[in-house]
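The values are calculated or read from the model by the stated rules, or taken from the named source; none is laboratory data. As the structure is a prediction and not an experimental result, all values here were calculated from the model. Positions of Cβ are generated from backbone atoms using ideal geometry, with glycine treated the same way; all protein chains shown enter the neighbour counts. The accessibility values were calculated without ligands, DNA or RNA, using every heavy atom of the protein model including side chains. Shrake-Rupley method; radii C 1.70, N 1.55, O 1.52, S 1.80 Å.
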Amino acid sequence: GMIDAQRNAAMQSGCLFWDTYAAMQSLGGMPEFVNNKWANKDYTHINHNGGRPLADEFVKASTHAIEE
């Protein structure tokens, strides 16, 4: 699927890949984002409030990657 293609493209080009979908799932997925008012009711677009917890997940993942 698309995530595998992105992961493979990153690997082939020597870039890191961060799976935004997996990070959102770890926070409860889009239904939880909508319930928390972190995303619009179209279940597609996160808003500024949803960007913060997602950015926190990115920082955690980046910190972990750097420490390894």
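Residues checked against (1) among the hydrophobic types (A, V, I, L, M, F, W, C); (2) not in a helix (DSSP H, G or I):
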site	(1), (2)
Asp4	no, no
Leu16	yes, yes
Tyr21	no, no
Asp42	no, yes
Asn49	no, no
Would you point out the residue of the stretch 23-38, among those that are of a type outside the set (A, V, I, L, M, F, W, C) and part of a loop (DSSP other than H, G, I, E, B), that is least open to solvent (accessible area, probe 1.4 Å)?
-> Gly28
Restricting the search to the stretch 39-55, which residues are surrounded by 11 or more Cβ atoms within 10 Å (Cβ to Cβ) and under 21 Å from Ile3 (Cβ atoms)?
-> Ala39, Tyr43, His45, Ile46, Gly50, Gly51, Pro53, Leu54, Ala55
Could you check Leu16 against (1) loosely packed, with under 11 Cβ neighbours inside 10 Å; (2) touching a residue at least 40 places away in the same chain (Cβ under 8 Å); (3) within 13 Å of the chain's Cα centre (by Cα) and say which number it fails?
-> (3)
Among the listed residues Ala10, Ala23, Ala65, which satisfies the condition of being free of Cβ contacts under 8 Å to residues at least 24 places away in the same chain and aliphatic (A, V, I, L, M)?
-> Ala10
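With the requirement that a residue be assigned to a helix (DSSP H, G or I) and either within 25 Å of Ala5 (Cβ to Cβ) or not aliphatic (A, V, I, L, M) (or both), what does the stretch 56-68 give you?
First, the residues of the stretch 56-68 that are assigned to a helix (DSSP H, G or I): 56-67.
Across the stretch 56-68, the qualifying residues are Asp56, Glu57, Phe58, Lys60, Ala61, Ser62, Thr63, His64, Ala65, Glu67.
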Counting only residues in the stretch 1-13 that are among the polar types (S, T, N, Q) and surrounded by 11 or more Cβ atoms within 10 Å (Cβ to Cβ), the one nearest to the chain's Cα centre (by Cα) is identified as Gln6
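So is Glu32 within 20 Å of Phe17 (Cβ to Cβ) and not hydrophobic (A, V, I, L, M, F, W, C) or not? Break it down stepwise before answering.
Details: within 20 Å of Phe17 (Cβ to Cβ): no; not hydrophobic (A, V, I, L, M, F, W, C): yes.
So Glu32 fails the test.
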